[in-house]
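The values are calculated or read from the model by the stated rules, or taken from the named source; none is laboratory data. Please read all numbers here as calculations on a predicted model, not as lab measurements. Cβ: placed from backbone, ideal geometry, glycine included. Neighbour counts: every protein chain shown. Accessible surface areas use protein heavy atoms only, side chains included; no ligands, DNA or RNA. Shrake-Rupley method; radii C 1.70, N 1.55, O 1.52, S 1.80 Å.
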Amino acid sequence: MEWHTLGSTPFLPPLYWRAALKRKITGTTLPEQGLRCRVSVNPREVAAYRKVCGFADSPVLPATYPHILAFGLQMQLLTDKAFPFPLLGLIHLSNRIRILRPLGGVSDLTVGVYAQNLQPHAKGATFDIVTTVEDSLGLLWEAQSRMLCRGVKLDGAATDNPLQPPAAVAELTRWKAPADVGRRYARVSGDYNPIHLSALTARLFGFPQAIAHGLWNKARTLAALSEHLPAANLEIDVEFKKPVRLPSEVTLFTSAPGSSGELQLKGAGDIEHMVGRWRPIA
């Protein structure tokens, strides 16, 4: 794996343009280069993110916030000519975050992103976007987002190892996902994927209504769980099931507070939107 270090975080508008223009699969190998750069944490931007995702004020960054710091790098990686799959149409299947040390008192960080682990899937191929965050002491936080690209033909059998629905969970809380939350989350995250913005733009991609960002669902869940979870040495794994259509109401079910546990996010009519678990890092 080779690193390419950028002098600043990428400027997003040209990357959106690149994403809009690329619609074809151009290969079946992932680039062996990662991107990284230094970023500064902006307290105003963190405060705006907390508000949209339901996090209380705290000296510690929300567990999902490093994804926001990495978004420009991820966009640059996924819209590069060397990247074989079109960004529009990728489906976010799952997300795992590892918090190695508490995310308090952080200001200047080095963020890195790369893609790995291309695998056959019943509907195409999956790969992982890996994001790393380091401070002066070394690795602080890392995440893996598993993405599906439909229509890719790879040799080999599909191996799927889904998280099982949790056994012993009880309702913790519920919240509304309002019609405009896709637009509000886009403003704080930079992720202006048309499927999240309005019914009109979502219909262009085959969705009857706009759907909530998967990482907003995860962030809103972790905001609700914040008092249940340790501040570090923590791995939080979720799988996204049926999308949350906007507007709607969802209910969070969790196991009892502890160093490990399980969660489930459900909508009306018992639709399962997300399952997950947290546990100490092995």
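For this structure, a couple of remarks:
- When Met75, Met1 are compared by accessible surface with a 1.4 Å probe, the order from highest to lowest is Met1, Met75.
- Calculated volume of the Cα convex hull per residue in Å³ (choose from (i) 135; (ii) 122; (iii) 111), label: (i)
- Inter-label distance for Glu227 and Thr29, nm, one decimal - labels placed 7 Å from Cα along Cα-to-Cβ: 5.4 nm
- Helix-only [θ]222 nm of the chain, DSSP H runs n ≥ 4, -39500 (n - 2.57) each, per residue, nearest 500: -6500 deg cm²/dmol
- Cut-off 18 Å (backbone N to label point 7 Å along Cα→Cβ of Leu12), residues of region 202-229: 202, 211-220
- Heavy-atom SASA rank of Leu30, Leu200 (probe 1.4 Å, accessible area, largest first): Leu200, Leu30
- Split the accessible area of region 117-273 by element, probe 1.4 Å, and carbon with sulfur accounts for 51%.
- A simple count of charges around Lys266, restricted to other residues whose Cβ falls under 11 Å of its Cβ and scoring Lys, Arg +1 and Asp, Glu -1, yields -1.
- Computed lengthening from Ala56 to Arg101, 0.36 nm per intervening residue step minus Cα-Cα distance: 14.2 nm
- With a 1.4 Å probe rolled over the protein heavy atoms of all chains, the accessible area of Ser248, Ser260 falls in the order Ser260, Ser248, largest first.
- The residues of region 74-191 expose, per residue, 47 Å² of accessible area to a 1.4 Å probe.
- Rg/Rg_globular for region 66-162, with Rg_globular taken as 2.2 N^0.38 Å and Rg from C-alpha atoms: 1.19
- Difference of contour (0.36 nm per residue) and Cα-Cα distance, Ala170 to Ser259: 30.3 nm
- Whichever lysines have a C-alpha closer than 28 Å to that of Lys266, once near sequence neighbours (fewer than 8 apart) are set aside: Lys51, Lys123, Lys176, Lys218, Lys241, Lys242
- DSSP bridge pairs, the chain: antiparallel proportion in percent, nearest 5: 95 percent
- Between Ala20 and Asp108, the simple spin-label model (points 7 angstrom out along Cα→Cβ) gives 3.7 nm.
- Computed from the Cβ-Cβ distance with R0 of 25 Å, the FRET efficiency linking Ala48 to Ile271 stands at 0.25.
- With q set to 0.17, 0.23, 0.30 Å⁻¹, the log10 of I(q)/I(0) for region 158-213, from the Debye formula over equal scatterers at the Cα positions, is -0.73, -0.82, -1.08.
- Whole-angstrom gap from region 88-113 to region 164-189, using each part's C-alpha centre: 19 Å
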